[in-house]
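J.: Have a look at this one.
The values are calculated or read from the model by the stated rules, or taken from the named source; none is laboratory data. Since we're looking at a predicted model, the values are computed, not measured. Cβ placement follows ideal geometry from the backbone for every residue including glycine, while neighbour counts extend to all protein chains displayed. In case anyone asks, the SASA skips ligands and DNA or RNA and just uses the protein heavy atoms, side chains included. Shrake-Rupley method; radii C 1.70, N 1.55, O 1.52, S 1.80 Å.
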Amino acid sequence: IQPSVQEAMMEGRPVVALESTIITHGMAYPQNLSMAREVEAIVTTNGAVPATIGILKGRIHVGLTDEELEFLARGKSVVKVSRRDLPYVLSQGLSGGTTVSGTMIAAHKVGIPVFVTGGIGGVHRGGENTLDVSADLTELGRTPVAVVSAGVKSILDIGRTLEYLETQGVCVAAFGESREFPAFFTRQSGFQAPYHIRNEEEAAELIASALGLGLSSGVLIAVPCPQEQAVSGQVIEEAIQQALSEARSKGIMGKELTPFMLQKLNELTDGKSLDSNLALIQNNARVGSCIAVALSKLQKARRKGNLPQQEDKTSPQPVVIGGINVDFIAKAQNPLILGGGQTNAGRVRRTFGGVGRNLADCLSRLGQTPLFLSAVGKDEHSESILHYCHHMDMSTVLHLEGRRTATYCAVITSAGELSIGLGDMDIHHQITEQYVSQFKENLCQAPLVCIDGNVPLPTIQYVCQLAREHQLTVCYEPTDENKASKPFLSDSWKALTYISPNLQELRAINQTLGNPLPAGIEYSE
């Protein structure tokens, strides 16, 4: 993931996914490159972050640099990559442009809900005999991403495409003034869309509703081509019939058919179809980025509205008590890290961690909805953390004015070994016995209590005392060699059910208990 895209996603800013088959197979160089740059600029101008998705040397890239865009635009041996092609293309280290299907998969994997394209694939004319149906349609039926397009390409069987989308359970809505389903180059297809949305806000509500239901299917938002650049239906239909006839006589079919048809239509319409193609892509980029902005605002408002509310819990929740950290990981590019104040080349990335947060995150993903007790500062990091942890119940986490959210910076060698770590963890001292005791009833009923070594000693002792009195299951994660021994400084440790130390932490615990070190252990890695 390109750093600018990852940063935007972590901070909850709107991101728009863009495909790359239009660059690799839709237009010739240099028009394809200038189009890609223009579309990204339109997304940025309208308040979102563009994330063009492509495959470079066997790796999926979400967000491309200008050099990477040019590499795909100039490429002679780049592949057209749909769902079926991904395993082969990645395993062979090939490069390619992602189709609607391929782009949807990557966008969903990284959590981008809005994707803008020109037009989707569909059921080809004669598809009832050839079974030539685009993988875009089945992808829309199984991948929860909203696709903004100018309907389906006019060269396809639009009626059967809409029927197939219905079978796949895809919510299809026409955008704008009319319910008429657009046909790529033209504003009218002769078919009505099942639903109609008038503006970006209605589109955002529709997408949020689909995502909230967890249907695992996508949404298709069909945006008509701008009136002034639309080609007349009759001109396009005549050109399509001529191009189809030529394709049949040449035996062109499968994934080669659409690029051939688009190129032929451009010739037969004296460039009008290409002008229309460019205009509709730019218009879709504008509409799609406005929808992404509206969706981002809606999701933020709903998150804020939900934070103070406590859900009615029918069964006791697990309780997690521990730290939240913002981690900055700096990995050196060269084997030797130079000292003396010199700048070393490397890559720096930001992630969200903290042992307590990680445990609460995992329990949340397992559907357990733990009660999470922790503390963050009211600073530049807290909003990003809340966005990243949107799937978790963060309503009981302390937000402290004048305090700094815990941060950790690790410098790692090119081989992956930790060279030095720096931590600003003072806020963990605010996870006090007094704060935790407010949730005594939850603790006493909890099927599991997890606590990490960041928590102050008096709080650990308080939890262990409750565990003894109420026979609670307590999991202790030692966190660090210097913090591991906290429960073992008294008999609190006897209330623990489970601990998960590494070897260094186990040595420290063993030493605190006054036990001899087993023979040979000092040489173990």
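J.: Determine, for each peptide in 280-286, 427-433, 82-88, the mean count of other beta carbons within 10 angstrom over its residues, then list the peptides with the highest first.
T.: 280-286, 427-433, 82-88
J.: Taking 7 Å along the Cα-to-C-beta vector as the label spot, tell me the Asn515-Ser91 distance in nanometres, rounded to one decimal.
T.: 4.7 nm
J.: Quick one: helix 503-512 against the long Cα principal axis of the chain, what's the angle to the nearest 10°, folded into 0 to 90?
T.: Taking the Cα atoms of the chain, the angle to 503-512 is about 20 degrees.
J.: Could you compute how fast region 70-122 diffuses translationally, taking Rh as the Kirkwood radius over C-alpha pairs and applying Stokes-Einstein at 10 °C with viscosity 1.306 mPa s? Give it in µm² per second.
T.: 132 µm²/s
J.: Cα axis of helix 233-250 to longest principal axis of the chain: angle in degrees, 0 to 90, nearest 10?
T.: 90 degrees
J.: Now, a different point. So if R0 is 41 Å, what FRET efficiency would Thr44 and Ser249 give, r being the distance between their Cβ atoms, rounded to the nearest 0.05?
T.: Approximately 0.35, to the nearest 0.05.
J.: Kirkwood Rh over alpha-carbon pairs of region 3-305, then Stokes-Einstein at 4 °C and 1.567 mPa s: what D in µm² s⁻¹, rounded to an integer?
T.: Value of D from the Cα-based Kirkwood radius: 68 µm²/s.
J.: Could you give P(r) for region 138-237, binned at 10 Å from zero, as whole percent values over all Cα-Cα pairs?
T.: 17, 49, 28, 6, 0
J.: Let me ask something else. Once you charge only the Cβ atoms, +1 for Lys and Arg and -1 for Asp and Glu, what is the size of the charge dipole of region 191-267 about its Cα centre, to the nearest 20 debye?
T.: With Lys and Arg at +1 and Asp and Glu at -1, about 400 debye.
J.: Under unit Cβ charges (Lys, Arg +1; Asp, Glu -1), what dipole magnitude, rounded to 20 debye, does the chain have relative to its Cα centre?
T.: It works out to roughly 380 debye.
J.: If I model a spin label at Gln333 and Glu401 as a point 7 Å from the Cα along the Cα→Cβ vector, what separation in nanometres do I get?
T.: For Gln333 paired with Glu401, the spin-label model returns 4.5 nm.
J.: Just tell me which lysines come within less than 17 Å, Cα to Cα, of Lys76; anything on the same chain fewer than 8 places away is out.
T.: Lys57, Lys255
J.: Given labels modelled 7 Å from the Cα in the Cβ direction, how far is it in nm from Gln471 to Arg37?
T.: Distance between label points: 7.3 nm.
J.: Further, regarding this structure: Compute the long axis of helix 457-470 from its Cα atoms, compare it with the longest principal axis of the Cα atoms of the chain, and write down the angle in degrees, 0 to 90, nearest 10.
T.: Once rounded, one gets 90 degrees.
J.: Could you name the aspartates and glutamates whose alpha carbon sits less than 17 Å from that of Lys440, not counting residues in the same chain fewer than 8 places away?
T.: Glu469
J.: Roughly how far apart, in whole Å, are the Cα centres of region 424-452 and region 216-258?
T.: 61 Å
J.: Sticking with this structure for a sec: Give the share of C-alpha pairs in each 10 angstrom bin for region 34-179, from 0 to the last occupied bin, in whole percents, shortest bins first.
T.: 11, 38, 36, 15, 1
J.: Run down the lysines and flag those whose C-alpha is under 18 Å from the C-alpha of Lys494, throwing out any fewer than 8 positions away in its chain.
T.: Lys483, Lys486
J.: Is it possible to state the helix-based mean residue ellipticity at 222 nm for the chain, with each DSSP H run of 4+ residues giving -39500 (n - 2.57), the sum divided by total residues, to the nearest 500 deg cm²/dmol? What is it?
T.: Only helices count here, giving -12000 deg cm²/dmol.
J.: For region 434-501, what number results from the quotient of the Cα radius of gyration and 2.2 N^0.38 Å?
T.: 1.00
J.: Show me 205-218, 20-33, 43-56 ranked by packing, highest mean number of other Cβ atoms within 10 Å first.
T.: Ranked by mean Cβ neighbours within 10 Å, highest first: 43-56, 20-33, 205-218.
J.: Which one of Gly169, His61, Gly159 is farthest out on the positive end of the charge dipole of region 3-305, using unit charges on Cβ (Lys, Arg +1; Asp, Glu -1) and the Cα centre as origin?
T.: Farthest towards the positive end: His61.
J.: About its Cα centre, how strong a charge dipole does region 3-305 have in debye, to the nearest 20, once Lys and Arg get +1 and Asp and Glu get -1 at the Cβ?
T.: 740 debye
J.: Give me a comma-separated list of calculated 3J(HN,Hα) values for region 389-405, in order, Karplus coefficients 6.51, -1.76, 1.60 applied at θ = phi - 60°, integers in Hz, x for any Gly or Pro.
T.: Running phi through 6.51 cos²θ - 1.76 cosθ + 1.60 with θ = phi - 60° gives 9, 4, 7, 10, 8, 9, 5, 9, 6, 6, 10, 9, 5, x, 10, 9, 4 Hz.
J.: To one decimal place, what Kirkwood hydrodynamic radius in Å is obtained for region 354-457 from all pairs of distinct Cα atoms?
T.: 15.1 Å
J.: Rounded to the nearest 0.05, what FRET efficiency is calculated for Lys494 and Gln434 with R0 set to 30 Å and r the Cβ-Cβ distance?
T.: Plugging the Cβ-Cβ distance into 1/(1 + (r/R0)^6) gives 0.80.
J.: If ligands, DNA and RNA are left out, what is the accessible area of Arg13 with a 1.4 Å probe, given in Å² to the nearest 10?
T.: The accessible area comes out at roughly 100 Å².
J.: Can I ask one more? If you take the Cα Rg of the chain and divide it by 2.2 N^0.38 Å, with N the number of residues, what do you get?
T.: Against the empirical 2.2 N^0.38 Å value, I get 1.18 for the chain.
J.: Dipole of the chain (Lys/Arg Cβ +1, Asp/Glu Cβ -1, origin at the Cα centre): which of Thr512, Leu386, Val39 lies farthest to the positive side?
T.: Thr512
J.: Would you give the gap between the C-alpha center of region 13-35 and the C-alpha center of region 357-406, rounded to a whole Å?
T.: Taking the Cα centre of region 357-406 as reference, the centre of region 13-35 is 38 Å away.
J.: Which whole-number percent is the relative contact order of region 55-165 (Cα, under 8 Å, 6+ apart)?
T.: 24 percent.
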